[in-house]
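Asks: My structure is below; once you've seen it, I'll send some questions.
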Amino acid sequence: MANISTEIKNLQDAVYGEEVRGSMVSLANKLNTEVENNTQGVNEAITDTNNAAAYARSSGDAALVSRDAANTAATNANTAAANTEATRQDVLNRLAAGEFKGEKGDTGEKGDQGESGIMASTAGMFSLHLDPATGNLYAEYPDGAAPPTFEYDADTGKLYYVTD
């Protein structure tokens, strides 16, 4: 059974989001390793049981011994799986209760503006985008479709989309 007391302590002491994430990742990795080790034991027990069944054709006593060993390994694996699940549920309950929430860290510097999104339009849809260098407004619409109709009121500077 995995001893996760260090990981839980690190998670409880974490203050900043990065520390909380790091502690959660460490805890998840340790639990995952425990589950993988237990799963390997179950797979080995299944293989042992299959081999024992083939041998049992010639020796019933060997099959009984292997069956008992496989049952013991399966029981141990089930116990380890139940313990791991209980630990996982405990961590989830604590997370839901806000036990792992640290204080908000300092605000970082504002980054550069990201690229515009990509739009794949379908019939009847269009998108508008503004070229900041020229101030031109562009309408994008699917190939083969009729372009959208707009009217510009020079007196007010308003642009109207014309619908039927």
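The values are calculated or read from the model by the stated rules, or taken from the named source; none is laboratory data. Values in this document were obtained by computation on a predicted structure and should not be read as measured data. No Cβ is skipped: glycine too gets one built from the backbone with ideal geometry, and neighbour counts run over all protein chains shown.
To keep it simple, each residue is scored yes or no on (1) farther than 30 Å from GLN12 by Cβ; (2) not aliphatic (A, V, I, L, M).
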site: ALA28; (1), (2): no, no
site: VAL42; (1), (2): yes, no
site: ALA81; (1), (2): no, no
site: GLN89; (1), (2): no, yes
site: GLY102; (1), (2): no, yes
site: GLY111; (1), (2): yes, yes
site: GLY114; (1), (2): yes, yes
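Asks: What number of residues within the stretch 31-59 are outside any helix (DSSP H, G or I) and of a type outside the set (D, E, K, R)?
Replies: Matching residues across the stretch 31-59 total 2.
Asks: Take the residues of the stretch 96-119 that are surrounded by 10 or more Cβ atoms within 10 Å (Cβ to Cβ) and touching a residue at least 24 places away in the same chain (Cβ under 8 Å): which is nearest to MET24 (Cα to Cα)?
Replies: The extreme case among them is PHE100.
Asks: Same structure, new question: Name the single residue, out of those in the stretch 11-20 being modelled with pLDDT under 80 and assigned to a helix (DSSP H, G or I), that is farthest from GLU103 (Cα to Cα).
Replies: LEU11
Asks: Restricting to the stretch 120-164, count the residues that are of a type in the set (A, V, I, L, M), assigned to a loop (DSSP other than H, G, I, E, B) and surrounded by 12 or more Cβ atoms within 10 Å (Cβ to Cβ).
Replies: 2
Asks: Do we have any residue at all in the stretch 60-70 that's of a type outside the set (Asp, Glu) and either under 31 Å from the mean Cα position of the chain (by Cα) or loosely packed, with under 11 Cβ neighbours inside 10 Å (or both)?
Replies: Taking every residue of the stretch 60-70 in turn, at least one turns out to be of a type outside the set (Asp, Glu) and either under 31 Å from the mean Cα position of the chain (by Cα) or loosely packed, with under 11 Cβ neighbours inside 10 Å (or both).
Asks: From THR122, THR75, grab the single residue that is modelled with pLDDT under 90 and of a type in the set (Val, Ile, Thr).
Replies: Checking each option against the conditions leaves just THR122.
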